[in-house]
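To keep things clear, I will list the structure first and then write my remarks on it.
Only the coordinates and a few stated rules stand behind these numbers; no lab work does. Keep in mind it's a predicted model, so treat the numbers as computed, not measured. Note: ideal-geometry Cβ built from the backbone for every residue, glycine included; neighbour counts use all protein chains shown.
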Amino acid sequence: MCPDHIIELMHEYLDEEIDSEKEKVLRLHLQNCKDCETIFNELKKTIAFVKSVSNMQAPANFTANVLARLPKEKKKVLMTR
Amino acid sequence: MEAIVKKRIKQVIKGDQDAFGEIVEIYKNSVFQLCFRMLGNRHEAEDAAQEAFIRAYVNIKSFNQDLKFSTWLFRIATNLCIDRMRKKKPDHYLDADVVGTEGLTMYSQIPSNTELPEKELESMELQETVQKEILKLPEKYRSAIVLKYMEDLSLNEISEILDLPVGTVKTRIHRGREALKQQLRYV
């Protein structure tokens, strides 16, 4: 079993918050540990997948529909729910 | 971008609804995406996203103009989605303990070793798979992951939107990543 702190370092790396000393420790470990290398690659792949589904478009007429639903007199409509 | 938005906000406060339309145009895709990833249904997402903008409009005077408008808007939208998710009251949560087991959660009950054929990164099937796995995340991990990776926000912004310390946001993103990794490793 690989040490938990290596997993922690992977997350720090993925958050782009790792310092150079810790990054060295992580790289050294990854070079010598197949299991951790696999975990690290899977984490990176997961992020790539999640990012790949972004950039959605709002439905057509979205803005017009919002404007149509705006209260005419603001003061009368406070909270709808 | 923020400068134009601030100008429009001042016009909205004076009663100019068209200026609000311009604000909606700028943020509609992000807000719709946020709602869709949280709720998982286009119709519900559209309704929630519209409501988020309406709430922003109705409460625009309470917006502190020294702050970033998008942060405030995303906060309204996220809270609204979380409210709606809670109202749906599913009969089980994925991170709830399975009755009669110790520490075994629904995550471990979902078969994750079914190999799927190689697919292209942008394919519809992959999109659906990723969306499905995001929807399996408990709400607290889901919101953090969606804001981080779909809206591409910084940890500080996410912490403001969710009204949580940065450390908590990090933990949620880490756990979310771990859970998604388990589900997506064979894709």
Can you list the HN-Hα couplings for the stretch A:30-44, worked out from phi with the Karplus curve (6.51, -1.76, 1.60; θ = phi - 60°), rounded to whole Hz and with x for Gly and Pro?
4, 5, 10, 9, 4, 4, 5, 4, 4, 4, 4, 5, 5, 5, 5
Run lengths n ≥ 4 of DSSP H only: what is the helix-derived mean residue ellipticity at 222 nm for chain A, with -39500 (n - 2.57) per run over all residues, to the nearest 500?
-20000 deg cm²/dmol
Per residue Cα convex hull volume for the stretch B:117-187, in cubic angstrom?
79
Within the set of other residues whose C-beta is less than 14 Å from the C-beta of B:Val166, count the net charge using Lys and Arg as +1 and Asp and Glu as -1.
-4
Under 21 Å between alpha carbons, and skipping anything fewer than 8 positions from A:Lys34 in its own chain: which lysines qualify?
A:Lys22, A:Lys24, A:Lys44, A:Lys45, B:Lys181
For B:Lys88, counting only lysines whose alpha-carbon sits under 24 Å away and dropping same-chain residues fewer than eight positions off, the answer is B:Lys132, B:Lys136, B:Lys140
Order of B:22-28, B:32-38 by packing, highest average Cβ count within 10 Å first?
B:32-38, B:22-28
Karplus couplings for the stretch B:52-63 from phi (6.51 cos²θ - 1.76 cosθ + 1.60, θ = phi - 60°), rounded to Hz, Gly and Pro as x?
4, 5, 5, 4, 4, 5, 5, 9, 4, 5, 8, 6
Surrounding net charge for B:Lys68, when Lys and Arg each add one and Asp and Glu each subtract one, Cβ distance under 12 Å
-2
Once you have the alpha carbon radius of gyration of the stretch A:1-77, what is it after dividing by 2.2 N^0.38 Å, with N set to its residue count?
1.99
